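Only one structure is covered here, and it is reproduced in the block below.
The values are calculated or read from the model by the stated rules, or taken from the named source; none is laboratory data. Small disclaimer: the values here were computed from a predicted structure and weren't measured. A quick note on method: Cβ atoms are made from the backbone with ideal geometry, for glycine too, and the neighbour counts reach across all protein chains shown.
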Amino acid sequence: MIIMAEHAGFCFGVKRAVDAISEALGKNSEVWTIGLPIHNPQEVSRLEAMGLRVADNDSEIPSGAKVLIRAHGEPLEVLERLKARGVDVVDMTCPFVRKAQEKAATLSREGYHVVLLGDKNHPEIKGILGHVVDKNNAEVIANENEASSVKFHPKTALISQTTQREERLEKVAGSLVGKSQELRVCNTICKATAERQEAVRELVRNNHLDGVVLIGGKSSANTGKLRDILEAEGVNVLWVEDENETEENSDWFTDKTMVGIAAGASTPEWLIHKIKNIIAAKQDSQGVLIH
Ligand code: SF4
């Protein structure tokens, strides 16, 4: 039997952006993104075969070309530079990321010292910071320890990267209370990451599984986090990136009658179905009841 995690695969924002890229590639021979549109090599290969070009930065994109801004978003100055050069910009920034960008812009304009909670090297945080009006009155911190070095400001606004945990936002907010006369806390956390993590816990706790096949890119941080959670739950995990790895690990399936399937937020649905069918065929050949 195969049991799927309740939330698996693309989150809303990634699906929206990837669908838009696919649609644009159906109408144009070439479409650009800045950076990989998704941390999944199979999906990137599929899009590249359709004509996707991935640039390292905006200066590589030719004038007159079409660029789709990925779900992470971009700094305002990048969007303005592209438009000034006559690049056709289709902005597919996730609406939840857009909300964080707008909060950063508005509160900075109102004179708040903007504190962004997140990874300073992550494109989403770079994009949000790129919407802050007064860059000299903003900073990025990674956790509550770094919050202790934030200086006193009369007005402070705390804004979170969408993938942060609420417990961390609460701790950081607590650390900043004494560092401002007025503290605005914007909960810009998206539930998609937490939902996928809770879904794998429930998958293991609600079923007597012999193992879980985790589908996702090996460079996908959110898939790695799902692996950590599954292993902490004490379940046998097979992490595969594609159908070939599933076939290569045929021995893993021997005598496993109850198999769960989980997938990271960057794993496309077509790949999940493909691997699910392979597992079903393996179980069928072993005489296991298929779900
Ligand atoms: S994780 Fe949330 S904020 Fe990020 S792209 Fe997906 S839906 Fe949007």
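In table form, for the structure just shown:
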| read-out | value |
| --- | --- |
| Among residues of region 169-189, those that are within 16 Å of the ligand (Cβ to nearest atom) and either modelled with pLDDT under 95 or hydrophobic (A, V, I, L, M, F, W, C) (or both), counted | 3 |
| Hits in region 211-249 - residues which are touching a residue at least 40 places away in the same chain (Cβ under 8 Å) and out of contact with any Gly (no Cβ under 9 Å at 6 or more places or on another chain) | S219, D242 |
| Positions within region 20-35 being part of a loop (DSSP other than H, G, I, E, B) and without any contact (Cβ under 8 Å) to a residue 24 or more places away in the chain, in sequence order | S29 |
| From A221, A263, A232, residue being closer than 28 Å to R168 by Cα, modelled with pLDDT of 95 or more and out of contact with any helix residue (DSSP H, G or I) (no Cβ under 8 Å at 6 or more places or on another chain) | A232 |
| Inter-residue pairs, beta-carbon under 6 Å, first at pLDDT 95 or above and in region 131-159, second assigned to a loop (DSSP other than H, G, I, E, B) and crowded, with 16+ Cβ neighbours inside 10 Å, 6+ apart | A138/V132; K155/Y112; A157/Y112; I159/T188 |
| Identity of the residue in region 263-280, crowded, with 19+ Cβ neighbours inside 10 Å and within 16 Å of the ligand (Cβ to nearest atom), that ends up nearest to T163 (Cα to Cα) | A265 |
| Qualifying residue in region 37-45 (condition: more than 16 Å from the ligand (Cβ to nearest atom), touching an Asp or Glu at 6+ places or on another chain (Cβ under 9 Å) and under 19 Å from E243 (Cβ atoms)) | yes |
| Members of region 63-89 that are more than 24 Å from I159 (Cβ to Cβ) and within 16 Å of the ligand (Cβ to nearest atom) | L68 |
| Residue match in region 199-215 (condition: over 21 Å from T257 (Cα atoms) and surrounded by 19 or more Cβ atoms within 10 Å (Cβ to Cβ)) | no |
| Tally of residues being within 16 Å of the ligand (Cβ to nearest atom) and in contact with a strand residue (DSSP E or B) (Cβ under 6 Å, 6 or more places away or on another chain) across region 21-35 | 3 |
| Failed condition for E43, given (1) among the acidic types (D, E); (2) over 30 Å from L209 (Cα atoms); (3) in a helix (DSSP H, G or I) | (2) |
| Within region 232-262, tally of residues that are surrounded by 12 or more Cβ atoms within 10 Å (Cβ to Cβ), within 17 Å of L209 (Cα to Cα) and either not charged (D, E, K, R) or not assigned by TED's automatic domain parsing to the domain that holds V204 (or both) | 13 |
